[in-house]
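The values are calculated or read from the model by the stated rules, or taken from the named source; none is laboratory data. This one's a predicted model, so the numbers in the text were calculated from it and none came from an experiment. Note that we place each Cβ from the backbone using ideal geometry, even for glycine, and neighbour counts take in every protein chain shown. Surface accessibility is based on the protein's heavy atoms, side chains included, excluding ligands, DNA and RNA. Shrake-Rupley method; radii C 1.70, N 1.55, O 1.52, S 1.80 Å.
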Amino acid sequence: MRQGQKATPAPRTVYGARVRSGRPVVTFTLIGICAVSWILQLVTDGSWTERWAFAPFIARDEPWRFLTTAFLHSTNPLHILFNMYALWVMGQFLEPLLGRARFLTLFLLTAVAGSVGVLLLAGGPHDRAWYTAAIGASGAVFGLFGAAIPVLRQRGLQATQMVGLIVVNFALGFFIANVAWQAHLGGMIAGLALGAAFAYAPRERRALVGWGASALLLVVLVVLAAVNYGAV
């Protein structure tokens with residue numbers, strides 16, 4: 001019986017991820033990290049935020065800020081509540097389909113892409129945006145929104161509601177103060193690209209295409225940041 005169980009292939013989703021029962025572990029872990037980080041922001045009177053937040057003027061010498069800023073939020077609880085609710089909803093949809101590793105990769109890369117979007121559109125050292133911190137998981141959340149579109153279309157499902165959700169939330173960034181729409185744009189573009197790679201990869205080359213696209217996206221983000229910093 002043991003030999004037979006070893007010989008039987010584990011059930012897979014349409015995208016090759018192992019079918020798992022229970023809650024989406026990566027999604028809940030990311031939410032937990034954001035929650036703990038937010039509490040640290042409050043109890044340290046902002047020093048935790050200053051240590052990890054992204055701003056174009058400082059991230060060249062401290063590049064980890066491109067990612068760590070995604071785990072910070074405004075002291076206004078509505079900011080983290082909205083982002084964590086969106087992450088919870090999208091995580092329950094995407095993580096079981098893509099698998100834990102690819103879902104985590106998607107979140108992390110689109111978070112970085114959000115910071116790169118802020119950098120590219122900051123305007124340089126003579127612009128106020130160059131010295132303004134951009135915090136929050138919104139870039140990664142919009143990355144998940146973007147990735148969901150090709151996933152839905154590949155499965156033959158209607159993506160109109162998802163597109164409408166993206167448009168509405170993206171438009172809000174122009175009417176609500178202190179919202180980094182640049183991060184939304186950067187994360188969404190990266191999510192669309194990586195989601196398409198995951199969804200439309202040929203079955204026999206799914207791993208190669210998926211991880212190759214992830215590596216390529218990381219290289220593109222690094223190059224864009226390096227070129228921008230070199231230009232200023």
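Observations on the model:
- If the condition is being crowded, with 24+ Cβ neighbours inside 10 Å and under 17 Å from Ala86 (Cβ atoms), then region 99-118 contributes Phe103, Leu106, Phe107, Thr110, Ala111, Ala113, Gly114.
Here's the yes/no breakdown for (1) open to solvent by 60 Å² or more (accessible area, probe 1.4 Å); (2) not in a helix (DSSP H, G or I):
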position	(1), (2)
Thr27	no, no
Ala35	no, no
Trp38	no, no
Glu50	yes, no
Ile58	no, no
Glu62	no, yes
Glu95	no, no
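- Any chance Ala133 is in contact with a strand residue (DSSP E or B) (Cβ under 8 Å, 6 or more places away or on another chain), modelled with pLDDT of 90 or more and open to solvent by less than 70 Å² (accessible area, probe 1.4 Å): yes
- Failed criterion for Tyr15 (all others in (1) in contact with a Leu (Cβ under 6 Å, 6 or more places away or on another chain); (2) modelled with pLDDT of 95 or more hold): (2)
- Residues in region 104-131 that are part of a helix (DSSP H, G or I) and out of contact with any helix residue (DSSP H, G or I) (no Cβ under 7 Å at 6 or more places or on another chain): Arg128, Ala129.
- Total residues in region 186-205, condition open to solvent by 40 Å² or more (accessible area, probe 1.4 Å) and in a helix (DSSP H, G or I): 7
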